[in-house]
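The values are calculated or read from the model by the stated rules, or taken from the named source; none is laboratory data. Just so we're clear, the structure is a prediction, and the values are computed from it rather than from any experiment. Quick reminder, even Gly has a Cβ in these numbers, built from the backbone with ideal geometry, and neighbours come from all protein chains shown.
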Amino acid sequence: MSNLKVLNVGIDLGTSRSVIACDNGVRTFVPSYVGYPKDMVSRKLIGKDVVFGLDALKNRLALDVRRPFEKGMIKYSNMQDVNAAEFETYKKVAHDLLSHLIDLVKAEENGPVSVRAVLGAPALASTQNKKLLVEIARDIVDDVLIASEPFAVAYGLGILSNALIVDIGAGTIDLCRMQGSIPTEDDQITLTRAGDHIDEVFMREIKLRHPEVDITLNMVKQIKENNSTISDKGECVVAMLPIKGKPTPVDVTEELLIACRSIVPDVVEAIRVLIASFDPEFQSLMKENVILAGGGSQIGGLAREIEKFMQENLGYGKVIKAEEPLFAGANGGLMLCKDMPNEFWDELKNK
Ligand SMILES: Nc1ncnc2c1ncn2[C@@H]1O[C@H](COP(=O)(O)OP(=O)(O)OP(=O)(O)O)[C@@H](O)[C@H]1O
Ligand SMILES: [Mg+2]
C-alpha cells in the first residue's frame, strides 16, 4: 500500500441529482446535468469546455445539455449494439459528472490523495451495468465498489434487520429487504416508474384538462416539487401557466394528486411481494418498519397513503420517512467505504 492519505467517499449517481459524501467533510450534490458549449461562440461565452448542475441548466440555450442516466442506467447502455455512438457519448457524460464530483472533494486537499469510493447503483442494476460503472470510475478513483442503493441507505441509517427500505428516485424506485446480512437479488425489487413518471402523468393530465396551456416537463417538475401532496386536505394548487404567451392562473390540484398517487399501487405491490416471500415469523416485524428515502419521499402524505394501502392489502403497515432523504444513499456509501477492511480493498486491486 502507498502512503498517500486515503479519502473515503460515498457516491449516489442519480437520474436527477448526484450526491457525494466524503470523510474530509465534503457533503454536497449536483443536479445530474452536464452541458457542453454548442459552438465557438458559446464556448467563448461560457469560458469552459464543460459545465455541471444548475450552471448547465441556467446556460442551456448555449449548451448541449445531457442527463447521463435514465431508469437507473447510463442512457443507451441497453442499446449499445444499435446505437454505439450515442452510448459512447453518454458514457463520457457520466464520466465527466463523476470526475466533477471527485474534483469537488479533492479541491479541499492540499496534497495528493488516494480515493476509495462506494458507488450506489439501482437495486437490480444488471451485472453489465455495474461493470460499466466500475469501468467509468477506474481512471477517476483509486478503488471502487458498487453497492445497491437501498442497501447503502439502510446501512447508513444503521438499520440492518427487519426493515424494508423504499428509495424513491427520479428514474427508479428501489426496494430492499434487510434481514441482518448483505441483501441478495431476492431481497430487492427495482421499479422503473418513479419521479420522472409522476412528472409525465402530471403533464399528461394538465394537457388533457387544459389543452390550451403551454408547458414543459421541467415546468411541471418544479410545480410538483413545490406543492406535492397526497393529502385530501391539501390546499389548492394554482400555477401560473402560459396560455398563448400570457401567464394565466390554472388550478392543477386534481392533476397533481392523480400524478403523485400514480406510483403508490406499484410500491405497495412490491412491498407485498417482499414481505410475502419472507420468513412468516418475521413478516409482521417488517410491516412495522417500512422506511422511505429519496427525493420522492418528500411528497406530503405519501407515508400515510402507503400505510392505508398496506392496511387494505397486508392487514397492517407502518411507514416512516428517513431523515435527510436526499443524502441517505451517499451517507451510507461513505459508511460502507470506511467499514470495509483494508484487506478487502487490497483484494479488489488484485482482481
Ligand atoms: N418535494 C418533492 N416532492 C415530490 N417529489 C420531489 C420533491 N423533491 C424532489 N422530488 C423528486 O424526487 C426525484 C429525485 O429524487 P432523488 O434525488 O432521490 O433521485 P435520483 O437519486 O436522482 O434518482 P434515481 O435514484 O432514480 O437515479 C425527482 O423526481 C424529483 O422531482
Ligand atoms: Mg437515487
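Checking residue 128 against (1) in contact (Cβ under 8 Å) with a residue 24 or more places away in the chain; (2) crowded, with 17+ Cβ neighbours inside 10 Å; (3) under 21 Å from the mean Cα position of the chain (by Cα): exactly one of these is not met. Which one?
(2)
Under 8 Å by Cβ, and 6 or more places apart or on different chains, what pairs join a residue from segment 87-113 that is more than 12 Å from residue 11 (Cβ to Cβ) with one that is part of a helix (DSSP H, G or I) and among the basic types (Lys, Arg)?
Close Cβ pairs satisfying both conditions: 113/106.
Taking residue 195, is it free of Cβ contacts under 8 Å to residues at least 24 places away in the same chain and either among the small types (Gly, Ala, Ser) or in the same structural domain as residue 122 (by TED's automatic domain parsing) (or both)?
Criteria not met by residue 195.
Evaluate the following for residue 340: is it in the same structural domain as residue 12 (by TED's automatic domain parsing), over 24 Å from residue 236 (Cβ atoms) and surrounded by fewer than 23 Cβ atoms within 10 Å (Cβ to Cβ)?
Answer is yes for this residue.
Applying the selection to segment 7-62, what residues are in contact with a Ser or Thr (Cβ under 7 Å, 6 or more places away or on another chain) and either acidic (Asp, Glu) or part of a helix (DSSP H, G or I) (or both)?
Hits for segment 7-62 are 12, 62.
Within segment 271-308, can you find the residues that are more than 22 Å from residue 172 (Cα to Cα), touching a Lys or Arg at 6+ places or on another chain (Cβ under 7 Å) and acidic (Asp, Glu)?
Correct list: 288 only.
For segment 147-154, state whether one or more residues are modelled with pLDDT under 95 and either more than 16 Å from ligand 2 (Cβ to nearest atom) or assigned to a strand (DSSP E or B) (or both).
yes
For segment 74-112, give me each residue that is within 18 Å of the chain's Cα centre (by Cα), under 18 Å from residue 30 (Cα atoms) and outside any helix (DSSP H, G or I).
74
Kindly indicate whether residue 217 is of a type outside the set (Lys, Arg), out of contact with any strand residue (DSSP E or B) (no Cβ under 9 Å at 6 or more places or on another chain) and closer than 21 Å to residue 326 by Cβ.
So residue 217 passes the test.
Among the residues of segment 20-43 satisfying the criterion of being within 16 Å of ligand 2 (Cβ to nearest atom) and under 17 Å from residue 145 (Cβ atoms), which is surrounded by the most Cβ atoms within 10 Å (Cβ to Cβ)?
Ranking the candidates gives 21 first.
Counting only residues that are among the aliphatic types (A, V, I, L, M), more than 22 Å from residue 75 (Cα to Cα) and crowded, with 17+ Cβ neighbours inside 10 Å, which one in segment 189-232 is farthest from ligand 1 (Cβ to nearest atom)? Outline the logic, then answer.
So in segment 189-232, the residues among the aliphatic types (A, V, I, L, M) come out as 189, 191, 194, 198, 201, 203, 206, 208, 213, 215, 217, 219-220, 223, 230.
Subsequent filtering for residues that are more than 22 Å from residue 75 (Cα to Cα) retains 203, 206, 208, 213, 215, 219-220, 223, 230.
Subset that is crowded, with 17+ Cβ neighbours inside 10 Å: 203, 206, 213, 215, 219-220, 223, 230.
On the way: 203: 13, 206: 16, 213: 20, 215: 15, 219: 12, 220: 10, 223: 10, 230: 10 Å.
So the residue we want is 213.
Looking only at helices (runs of 4 or more DSSP H) that fall completely inside segment 233-320, which ones have 3 or more residues that are within 16 Å of ligand 1 (Cβ to nearest atom)?
Hits in segment 233-320: 253-261, 264-276, 302-314.
Does residue 54 satisfy the criteria of being under 24 Å from residue 293 (Cα atoms) and more than 16 Å from ligand 2 (Cβ to nearest atom)?
yes
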